[in-house]
1. Can you say whether Leu102 is hydrophobic (A, V, I, L, M, F, W, C) and farther than 18 Å from Val129 by Cα, as far as the supplied structure shows?
2. Answer yes or no: is there a residue in the stretch 112-130 that is over 14 Å from the mean Cα position of the chain (by Cα), open to solvent by 40 Å² or more (accessible area, probe 1.4 Å) and closer than 15 Å to Tyr62 by Cβ.
3. Hey, could you check the stretch 19-35 for residues that are open to solvent by 20 Å² or more (accessible area, probe 1.4 Å) and within 13 Å of the chain's Cα centre (by Cα) and say which is farthest from Lys89 (Cα to Cα)?
4. Quick check: anything in the stretch 79-86 modelled with pLDDT under 95, within 15 Å of the chain's Cα centre (by Cα), open to solvent by 30 Å² or more (accessible area, probe 1.4 Å) and under 25 Å from Gly29 (Cβ atoms)?
Amino acid sequence: QVKLEESGGGSVPAGGSLSLSCGTSGYIGNSYCMGWFRQAPGQEREGVATISTDGDTTYYYYANSVKGRFTISRDITKNALNLQMNSLKPEDTAVYFCAADLLFELGCRGPRGLARTYTYWGQGTRVTVSS
């Protein structure tokens, strides 16, 4: 069983930065799919960024809306999934969720990774960016 818990949300002015972390309890081996997603008020949940590995190669993918501004990473020593968010915009305002699956598959890579169904989800952390 894997549990995920997000932290690091808050309120920042446009142009600011936030660093989100997703603590994971339970064993996550060297083959996984993980990602960050967000849901703005009145909108559907959308994929932000994914990181996946088959044990040999690590794959990253970002939604066009955050490419160049957000960075996803996995801190194995802390068993955490991180999302560094820079140059934040008001349209980044949303509740951010982390998600995980414990086995890599080809559908974890690229844009399919943002659209696939994940097994484990956190409860979310709120990010508000003011203009």
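The values are calculated or read from the model by the stated rules, or taken from the named source; none is laboratory data. Bear in mind the structure is a predicted one, so any value in this text is a computation, not a measurement. Glycine gets a Cβ as well: all are built from the backbone with ideal geometry, and neighbour counts include every protein chain shown. Just so you know, the surface numbers come from the protein's heavy atoms only, side chains and all, with ligands and any DNA or RNA stripped out. Shrake-Rupley method; radii C 1.70, N 1.55, O 1.52, S 1.80 Å.
1. Working: hydrophobic (A, V, I, L, M, F, W, C): yes; farther than 18 Å from Val129 by Cα: yes.
So Leu102 fits the description; yes.
2. Checking the stretch 112-130: at least one residue is over 14 Å from the mean Cα position of the chain (by Cα), open to solvent by 40 Å² or more (accessible area, probe 1.4 Å) and closer than 15 Å to Tyr62 by Cβ.
3. Within the stretch 19-35, the match that is farthest from Lys89 (Cα to Cα) is Gly23.
4. yes
Here's the yes/no breakdown for (1) open to solvent by 40 Å² or more (accessible area, probe 1.4 Å); (2) within 16 Å of Thr24 (Cβ to Cβ); (3) out of contact with any Cys (no Cβ under 9 Å at 6 or more places or on another chain):
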residue: Thr50; (1), (2), (3): no, yes, no
residue: Thr58; (1), (2), (3): yes, no, yes
residue: Asn64; (1), (2), (3): yes, no, yes
residue: Arg69; (1), (2), (3): no, no, yes
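Quick grid of which residues meet (1) without any contact (Cβ under 8 Å) to a residue 60 or more places away in the chain; (2) of a type in the set (A, V, I, L, M, F, W, C):
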| site | (1), (2) |
| --- | --- |
| Lys3 | no, no |
| Ser11 | no, no |
| Gly15 | no, no |
| Phe37 | no, yes |
| Gln43 | yes, no |
| Thr50 | no, no |
| Gly55 | yes, no |
| Thr71 | yes, no |
| Lys78 | yes, no |
